[in-house]
Every structure is written in structure tokens, then in C-alpha cells.
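Presented below is the structure to which this report refers.
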Amino acid sequence: MNTPLFEALLRLGDDRLVLGHRTSEWCGHAPILEEDIALANIALDHIGQANLLLGYAGTVEGAGRDQDALAYFRDAVEYRNALLCELPKGDFGVTIVRHFLHGVFSVLQWEALSQSTDPTIAGIAAKALKESKYHVRHCGEWVIRLGDGTDESHARAQAAVDQLWPYTGELFMQPADEASLVSAGVSADVSALEGAWRAQVSDVLRRATLTAPEGVWMQRGGREGRHTEHLGHMLAEMQIVARSHPGAQW
Amino acid sequence: MTNPSREKSWPLWEVFSQGKDGAPHEHAGSVHATDAEHALQNARDVYARRNEGVSLWVVPSAAITASTPEDMGPFFDPANDKAYRHPQFYKVPKGVKVF
């Protein structure tokens, strides 16, 4: 039985690892050189955050697993990322809209966690907050340009919002086993972040002439290990080298 | 203004980076971008991601007027033999270190 703190750290770390790996799929394929570098930077920021969070998760677990063991030797059912993070990268619109939606959530989450009574979590959150603020700025500006751009970029950005919106609700579903951590000030109640998230997202979507769907059914399952079929395929590619050559160094 | 939708690539911007407070902004290179804010972000990602600076300027490349190789003679050669334009005949008082 995993402790609540270990589970909470997996939720934090797996979001960033999976979203970071998805974004790394753009490396060498982005529309222009400058954006290729920007997306690679964003991917690496996420993987760096995952490195810290999963490293701490391994310490908390105390079973001898480090961040690499947690990243490369867990199967999809053991991953705790939100479903939003594992969806295929899609076109540039999907990638940008997803980073924006998750990024605004991340900034709010890091702001709350930078006040954590756990000094390791507070330290990681303070570092990650600066990175996530830049991701939101970069992707938010892109959302406005794509939404308020050409007919095609508007249509693709709106399609991305429509596709991703049902996956945003899970970000704010507070896991029951975190209640004691929240009351101890270690963790942050994600359900309390939804109002601020909605206000910030709505503001950018409005400027982008995009509209958020209303009253849609919200998907869930990732936090409990029930994932879409996409995560298994992604992990197969991400994990094959580490699993084929355990302990390999280069 | 040219119509951006007819341009095949985005406009070019020159990037100037300041290494530390008080230092001059120096030319770092150039980026393609749709507008000023976008150019600033691309400049950050291309020229400031390894902790190179504390401040960035971006300027539309088209806004820069540059001298040409043909200007070499009239612009620069006449300065060669005018030593009096350099303040090298002044005696610097003792104790003045920054000059």
C-alpha cells in the first residue's frame, strides 16, 4: 500500500514526465527552428521537474527505487498522470493549447505548493513556478495568435480546445487520500484552484476569439491508473532502451 | 507594410543581449517571429537559455539602416591619419583608474 505522500508525488511527477515526453516528440519537427528550440526547452523543463519529483518520491517510498526506476520500470497502470498529459501530441494547435491549459494549472499548483510545509516540495515548487510561468506566457501568446490568426489556425485551435476540454476537469478532482496531506499543509487542494484557472483561461480564449465548450462530460481515470490506450504506446517507446539494457550507462 | 499572409516566412528580428546590469546590449544574432512579443520569446529561447543575459532587445531587421562595403572609403578611411581625434594627448591624473 503506497503512502499518500508517495502517491501525491507520483501525481505531480507523472504529469510532468508524460507531458514532457509527449512534447519531446516535437524535437526536429516543429514548424520553425525557433519554435523547435522553444518546445525542446519546455519539454526539458518538464522532465527536469519530473526528475526532482520522482527522485523525492523514491526517497519517500524508501524501497530503493530512484527516479529512473520509477520512470522506466513502472507500467501504465502504475502511472498517476492526468489523462490530459498523455493524449497524442496532435498538431501544433493541440500541443500549444494543451500546454496552455496545463500550464495555467501548473502555475497555480506551484504557487500553492511553494508554501508547502514540506521544504523539499516547497523548493521544487519555487523552481518549477518560474519555468511554468514562462510556458504559460509562451503558449498563451501562441493561443491568441492561432485563435485570432487565419481561418485555418482558428479552426485548428478551436478543434484543439474542443478535443482537450473534457480532460481538464480531472486536474481539479482532489484525490481522497490527500486530505491529511492538505490539512497538514504539505499538499495543496487542487479543487480550490479551479476558479482562478477558469478566469485566466477564459481571458486568453476570449482574446483568441475561441470558446470553451460548456456542460461537457469530464473524463477521469489517470490519477487512479486507468489510462487511455495512448499511454501504453508512449511508455513502450520511452522505456524500451532502459528495459532492454538495464543499468546501461553512456 | 507587406501583407504577412503573402510572405512565405516570418519577418526577421535582430536580437541584442545584455550580459549583466550596466553592460551594453550587444548583438547576439537574429530570429524569425510574427511580432515583437513573439520575437522576444524566440530570442529568449535561442539566445538566453544558457543564462547568457539579464535583458534582451529585439529590433525589426528591416528597421536597421546599415553602411555598405562601398561606404568603406568615405566613411572610415579619413579617420586613419587624424590622431588629434583621439584623446591621447591628455595627461590622466594619478588616481584615475577608470578611463
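Per residue, the accessible area of the protein assembly as shown comes to 54 Å² when a 1.4 Å probe rolls over the protein heavy atoms. The stretch between A:E78 and A:H233, if pulled fully straight at 0.36 nm per residue, gains 54.3 nm over its current Cα-Cα span. Accessible surface of A:S191, taken over heavy atoms with a 1.4 Å probe and every protein chain present, rounds to 60 Å². Taking 0.36 nm per residue of separation and subtracting the current Cα-Cα distance, fully stretching the chain between B:W57 and B:F89 would add 7.8 nm. For the range B:61-68, 3J(HN,Hα) computed residue by residue from phi via the Karplus equation (6.51, -1.76, 1.60; θ = phi - 60°) reads 4, 5, 8, 8, 9, 10, 6, 10 Hz, glycine and proline entered as x. For the range A:6-21, the residues whose amide N sits under 16 Å from a probe point set 7 Å from the Cα of A:T120 along the beta carbon direction are A:6-14. Take the accessible area of B alone and of A alone, subtract that of the pair with a 1.4 Å probe, and the total buried over both chains is about 1300 Å². Computed with a 1.4 Å probe on the full set of protein chains, the accessible area for B:M72 sits at about 110 Å².
Peptide B:42-50 has a mean of 4 when you count, residue by residue, the C-beta atoms of other protein chains within 10 Å of its C-beta. Peptide A:141-154 is shielded by partner chain Cβ atoms: per residue, an average of 1 of them sit within 10 Å of its Cβ.
Could you tell me which residue out of A:V97, A:G147, B:A23 lies farthest along the dipole of the protein assembly as shown toward its positive end? Charges go on the beta carbon: Lys and Arg +1, Asp and Glu -1, centred on the Cα centre. It is B:A23.
Our helix-only sum for the protein assembly as shown, with -39,500 (n - 2.57) per DSSP H run of n ≥ 4 divided by its residues, gives a mean residue ellipticity at 222 nm of -16500 deg cm²/dmol. When the charge dipole of chain A is built from unit charges on Cβ atoms (+1 for Lys and Arg, -1 for Asp and Glu) and taken about the Cα centre, the candidate among A:L113, A:S191, A:T23 whose Cα reaches farthest toward its positive end is A:L113.
Assuming charge only on the beta carbon of Lys and Arg (+1) and of Asp and Glu (-1), the dipole of the range A:100-144 about its Cα centre is about 100 debye to the nearest 20. At an R0 of 35 angstrom, the distance between the Cβ atoms of A:S183 and A:V216 translates into a FRET efficiency of 0.65.
Distance from the C-alpha centroid of the range A:167-191 to that of the range A:4-44: 22 Å, rounded to the whole angstrom. For chain A, a crude dipole built from +1 on the beta carbon of Lys and Arg and -1 on the beta carbon of Asp and Glu, taken about the Cα centre, is about 200 debye to the nearest 20. When Rg and the Kirkwood Rh are both derived from Cα coordinates, the Rg/Rh ratio for chain B amounts to 1.16.
Accessible area ranking (1.4 Å probe, heavy atoms, ligands and nucleic acids excluded), largest first, for A:L52, A:L19: A:L52, A:L19.
P(r) tail for the protein assembly as shown: Cα pairs beyond 34 Å make up 37% of the total.
The share of accessible area on the protein assembly as shown that comes from carbon and sulfur is 57 percent, using a 1.4 angstrom probe. Between the amide H of B:W10 and any residue lying 5 or more places away or on another chain, no distance stays under 5 Å, with hydrogens modeled in the peptide plane.
The values are calculated or read from the model by the stated rules, or taken from the named source; none is laboratory data. Predicted model only: the values in this text are computed from it and were never measured. Positions of Cβ are backbone-derived with ideal geometry, glycine not excepted, and every protein chain shown enters the neighbour counts. Quick note on the areas: whole protein, heavy atoms, side chains included, nothing else; ligands and nucleic acids left out. Shrake-Rupley method; radii C 1.70, N 1.55, O 1.52, S 1.80 Å.
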